[in-house]
Amino acid sequence: MDITIQMRSIDLLIKMLKKDTEGIPQYGYARQKNPYEIQPIAQPLPRCTPEEAGISSAVAEQLFRTVEKDVDTLGVHAMMLIRDGKVFAEGYWAPYRPNLPHMLYSASKSIVSTAIGFAYDEGLIDLDRRLDDIFTELPPSSNKWARLMTVRHLLTMSTGIRFNEIGSMLDRDWVKMFMESVPKFEPGTQFEYNSLNTYMLSAVLKLITGQSLTEYLIPRLYEPLGITNYPWEACPMGTEKGGWGLSLCIEDLAKIAQLYLNKGEWNGRRLLSREWIDMATSPQIATPNGEINQGYGFQIWMNANGVYQFNGAFGQYAVMFPHINAAAIIFSGSNQLFAKTSLMQALSSCLWSAAESPLPQYPEGYKRLKEYTSSLVFSPTPSRIGLGTDPDQFDRLCDTLDG
């Protein structure tokens with residue numbers, strides 16, 4: 001089957017390069033929800049000044065100015081900084097706004113991991129259960145390595161499977177294609193990033209619980225945190241894509257970041273076990289060839305000094321600093337697949353400067369910060385708008401959001 005997938009993938013690429021759209025198989029996707037639907041933020045996080053959070057308003061302003069200087073590369077749409085569960089600085093580059101759901105790309109993976117965590121806590125999922133023992137309706141693979149794949153290998157991106165995003169365009173049944181693919185190496189021995197691993201977690205959860213990923217998360221995550229807007233693209237068979245496709249408002253992702261910083265507690269109620277949070281946010285596998293080389297947890301990237309992050313293509317981040325109970329959440333339209341080191345350095349310089357206790361209030365500095373962040377406008381050069389090179393397309397987006 002792998003040779004068939006490879007040949008079909010090559011054929012698809014050739015047709016795309018030749019712009020032979022008639023020869024490309026229909027993907028079978030229909031938009032499930034208006035991506036620009038705007039609703040009020042339910043249960044907003046409390047606000048405070050940077051000084052109350054132990055950070056100077058001048059330092060917070062400098063972070064926003066640093067990000068703004070590189071608009072053509074970073075393309076930031078929104079940024080929110082939180083500490084101890086309170087928002088102390090936030091900015092939205094117009095026309096983007098706080099209650100506009102934003103595509104998370106691969107940061108969706110960390111939400112899938114969260115769902116698996118709920119199922120783990122409920123005793124529904126054994127991380128070392130083999131996939132062929134879950135998807136019993138499919139014939140067992142003749143390949144010994146394929147028979148070794150487990151839920152844990154999906155969580156740690158270590159199945160070694162060849163079926164990938166390009167392959168997902170070749171067939172409606174992604175589970176069947178995944179299970180028929182042959183691993184490149186013995187599962188669990190290496191890290192290789194592949195979004196179809198996360199899709200399979202979504203499929204595992206659906207099969208075990210009898211609910212879609214979204215249905216399962218509503219009472220366990222979305223409702224307790226007051227998250228009401230959570231469109232998630234589905235595959236042609238109706239299962240959420242898992243590895244990508246979720247859209248959330250920035251404040252709602254900030255709430256999930258704070259849930260992790262709280263070790264699974266929310267408003268005095270335990271939602272996720274501390275055991276799961278500790279496992280998910282600890283290095284489970286080495287990532288010598290990853291975009292971030294400090295290790296990978298359960299669909300979560302590790303950074304130095306105990307920092308970890310949800311990470312999505314083109315600049316979607318929730319970066320958690322557990323030692324100071326702080327996080328930075330960023331939505332972007334970057335022209336880079338992953339952020340430059342300078343962005344992470346700027347975040348670290350701001351957040352690691354936090355004092356243990358509140359600072360004296362600095363009204364003039366706070367006023368300047370608010371004036372600056374309220375004046376932000378997304379204004380890259382036309383070729384960096386992200387919707388093509390036609391500035392009129394960006395104007396139409398603004399009209400859609402204002403409509």
- Once you put a point 7 Å from the Cα of I292 and another 7 Å from the Cα of I38, both along the Cβ direction, what distance in nm separates them? 3.1 nm
- Query: By how many nm would the segment from A304 to E186 grow when fully extended, if each residue of separation counts as 0.36 nm and the alpha-carbon distance is taken off?
  - Reply: 39.7 nm
- Task: Report, in degrees rounded to the nearest 10, the 0 to 90 angle that the Cα long axis of helix 250-261 makes with the longest principal axis of the chain.
- Result: 80 degrees
- Message: Between the range 133-157 and the range 214-248, what is the separation of their alpha carbon centroids in Å?
- Response: 25 Å
- Message: Largest first and in whole Å, what are the equivalent-ellipsoid semi-axes of the chain based on the Cα gyration tensor, each being the root of 5 times an eigenvalue?
- Response: 36, 26, 19
- Query: On a 0 to 90 degree scale, rounded to 10, what angle separates helix 57-69 from the longest Cα axis of the chain?
  - Reply: 50 degrees
- Helix 363-373 vs. the chain, principal-axis angle (Cα, 0 to 90°, nearest 10): 40 degrees
- Item | Residue-span extension gain [S374 to D72] - 0.36 nm each, minus C-alpha spacing | 106.7 nm
- Quick one: with all protein chains in place, what share of the accessible area of the chain is carbon or sulfur, to the nearest percent (1.4 Å probe)? 51 percent
- Note on the structure: Two pseudo-spin positions, 7 Å from Cα along C-beta at E122 and at Q345, lie apart in nanometres by 4.6 nm
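With an 8 Å cut-off on Cα pairs and a minimum separation of 6 or more residues, tell me the relative contact order of the range 154-303 in percent.
Taking the mean separation of contacting Cα pairs over the length of the range 154-303, I get 21 percent.
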- Rounded to whole Å², per residue accessible area for the chain with a 1.4 Å probe reads 43 Å²
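The values are calculated or read from the model by the stated rules, or taken from the named source; none is laboratory data. Treat the numbers as computed from the prediction; the structure is a model and nothing was measured. Every residue, glycine as well, gets a Cβ built from its backbone with ideal geometry; the counts of neighbours run over all protein chains shown. For accessibility, only protein heavy atoms count, side chains too; no ligands or nucleic acids. Shrake-Rupley method; radii C 1.70, N 1.55, O 1.52, S 1.80 Å.
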